[in-house]
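The values are calculated or read from the model by the stated rules, or taken from the named source; none is laboratory data. These figures come from a predicted structure and were not determined experimentally. Note that each Cβ is placed from the backbone with ideal geometry, even for glycine, and that neighbours are counted across all protein chains shown. Accessible surface is based on the protein model in full, side chains and every heavy atom, while ligands, DNA and RNA are left aside. Shrake-Rupley method; radii C 1.70, N 1.55, O 1.52, S 1.80 Å.
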Protein chains: 2
Amino acid sequence: MVANSLRARVRAEMIDEIKAAARRHLATDGANLSLRAVARDLGMASSAIYRYFPSRDDLLTTLILEAYMALGDAVEAADAAVDRDDLRGRWFAGCRAARAWALANPAEYALLYGSPVPGYTAPDDTVEPALRPPMTLIGIARDGLAAGQLTPPPTDDLPQPVRADLTDIAASLVPGMPAALLARGMAGWTQLFGLISFELFGRIKGGLPHRDDYFDHQIALMADLVGLPR
Amino acid sequence: MVANSLRARVRAEMIDEIKAAARRHLATDGANLSLRAVARDLGMASSAIYRYFPSRDDLLTTLILEAYMALGDAVEAADAAVDRDDLRGRWFAGCRAARAWALANPAEYALLYGSPVPGYTAPDDTVEPALRPPMTLIGIARDGLAAGQLTPPPTDDLPQPVRADLTDIAASLVPGMPAALLARGMAGWTQLFGLISFELFGRIKGGLPHRDDYFDHQIALMADLVGLPR
DNA sequence: TCCAATTCGAGAGCAGTGCTCTTGACGGGT
DNA sequence: ACCCGTCAAGAGCACTGCTCTCGAATTGGA
């Protein structure tokens, strides 16, 4: 086993190198990165890569999973660094962390939240990591409610079918969360995604030099909508 | 000229057939459609297509432009069909029309609002059509303000740098629009984009059977944020 | 009416892609 | 010392966008 671990270690390093090279190409080639190109980078034949990843889609899946984890870590860490009772501070920290991660890793963000790759369908392993960022944000509202810092929106705000759906979701993911508050939290997450996507995919560029301030303000609007106290 | 128009007409029909076939492939292949495949569909050599479109990217650009126009038409028509004074009705009509168009043409929506195609950069012709849908929505708020049905949000809501940027944008695109109201209108558009994208790119599907109702409710939240009277 | 000019389609070819299969070499466990 | 699993390389298949050339068809003017 110890002797075998030598081989395994070399193999693990090889896998890491492939992933690193693939990530590098991701930045320029987007989702359709070339296996042959990463093989060239590593000075090996393209066929050799198939010893480590059964297919190109499989490599992509690995990159996607790790990207989800990285984004989730960033958001959770930012949230955790703020005083638990400072709801608004936590909201800002989480949202800013997501944006910062996206701006730092635009290709990976596009892989996660851009248009789906045509032939590719994400495996089920990805749904749990994909839930971490929004759950972190919604957790802030839940904490505020539990601490009595936040009054939930009136439930008659919510049409019956939506209330039923959201109650089910809350029951399985955020126990004790009122449906109407969950709806507002999801609105905040949707808005965050839209903001980052617009900024990253370039549909804003013209005239909006103070992007940081604009982002903060839009996030503040949603914080108000969720009901986080100022 | 009349004799020439025969050739010109055949050419125009050929172009239409190519675009139609390309749109058909767009649904399955996404952004990386194959010129050879559409050529096969039309029973011609792949090289013949280059008589009509100088490159594959050029074909894509044409499809993108027409998609923007179609979406803009849909939203504007829906808005125009509602009584001018029914602000909330217009807001719902416009948003629902955008969603309906996206659900009916998912591939084209992905082309417009998904991750940018790696090597491809959209020409400047696309920015004006791209502005039509959000401008229609923001126009609703502008009309409401002009009619006195809507009280603008307090300007001190807006940090100074953002106010400056948005004032400039308003001056060139929506004259007479207060910056703080423009900010909320843009938030509504961002939210609409996020909602449609989440639904289309499949990150919601699990447990949310009443999508229409959910969409309406989220849109209503933003209508409230913009200040459209109930 | 005939002719030159333009337009068009088809085919071959280039460089690139993902992926498969075969071949040969290396090295760890018995 | 041998054997067998692991690995890398190469050839090859079907595909891609794109270019070029070469005949055929159509056009507008003389």
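When residue A:45 is tested against the conditions (1) assigned by TED's automatic domain parsing to the domain that holds residue A:198; (2) touching a helix residue (DSSP H, G or I) at 6+ places or on another chain (Cβ under 7 Å), the lone failure is (1). Residues that are out of contact with any Phe, Trp or Tyr (no Cβ under 6 Å at 6 or more places or on another chain) and not in a helix (DSSP H, G or I): does the range B:93-110 have at least one? There is at least one residue in the range B:93-110 that is out of contact with any Phe, Trp or Tyr (no Cβ under 6 Å at 6 or more places or on another chain) and not in a helix (DSSP H, G or I).
Counting only residues that are farther than 12 Å from residue A:182 by Cα and either under 24 Å from the mean Cα position of the chain (by Cα) or among the polar types (S, T, N, Q) (or both), the range A:142-169 holds 5 of them. Number of residues in the range B:82-105 that are within 14 Å of chain A (Cβ to nearest Cβ) and either modelled with pLDDT under 95 or within 11 Å of the chain's Cα centre (by Cα) (or both) equals 4. Total residues in the range A:9-20 satisfying the condition of being under 22 Å from residue A:108 (Cβ atoms) and either within 12 Å of DNA strand C (Cβ to nearest atom) or not aliphatic (A, V, I, L, M) (or both): the figure is 4.
Per the listing B:26, B:42, the residue uniquely open to solvent by less than 50 Å² (accessible area, probe 1.4 Å), out of contact with any Pro (no Cβ under 9 Å at 6 or more places or on another chain) and within 11 Å of DNA strand C (Cβ to nearest atom) is B:42. Residue count for the range A:167-188 under the criterion of being more than 8 Å from chain B (Cβ to nearest Cβ) and in contact with a Leu (Cβ under 7 Å, 6 or more places away or on another chain): the result is 8. Looking only at the range B:112-164, residues that are more than 10 Å from chain A (Cβ to nearest Cβ) and closer than 23 Å to residue A:218 by Cα come to 19 in all.
Taking the criterion of being open to solvent by 10 Å² or more (accessible area, probe 1.4 Å), in contact (Cβ under 8 Å) with a residue 60 or more places away in the chain and within 12 Å of residue A:79 (Cα to Cα), the only residue of the range A:135-152 that qualifies is A:136. Residue B:117 meets each of the listed conditions (1) touching a residue at least 60 places away in the same chain (Cβ under 8 Å); (2) under 22 Å from residue B:76 (Cβ atoms) apart from (2).
Of everything in the range B:19-65 that is away from DNA strand D (no atom under 11 Å from the Cβ), more than 20 Å from the chain's Cα centre (by Cα) and not aliphatic (A, V, I, L, M), the residue that is nearest to the other protein chains (Cβ to nearest Cβ) is B:28. Give the residues of the range A:220-230 that are more than 7 Å from chain B (Cβ to nearest Cβ) and open to solvent by less than 40 Å² (accessible area, probe 1.4 Å), sorted by residue number. Passing the criteria: A:220, A:222, A:223, A:226, A:227, A:228. Whether any residue in the range B:55-67 is aliphatic (A, V, I, L, M), open to solvent by 30 Å² or more (accessible area, probe 1.4 Å) and under 21 Å from residue B:14 (Cα atoms) is what I want to check. Yes, the range B:55-67 has at least one match. Scanning the range B:193-219 for residues that are touching a residue at least 12 places away in the same chain (Cβ under 8 Å) and more than 8 Å from chain A (Cβ to nearest Cβ) yields B:196, B:199, B:200, B:211, B:215, B:219. Residue A:50 satisfies every condition listed in (1) more than 11 Å from DNA strand C (Cβ to nearest atom); (2) over 30 Å from residue A:201 (Cβ atoms); (3) surrounded by 14 or more Cβ atoms within 10 Å (Cβ to Cβ) except (1).
I need the full set of residues from the range A:78-115 which are surrounded by fewer than 20 Cβ atoms within 10 Å (Cβ to Cβ) and touching a Pro at 6+ places or on another chain (Cβ under 8 Å), in order please. Correct list: A:88 only.
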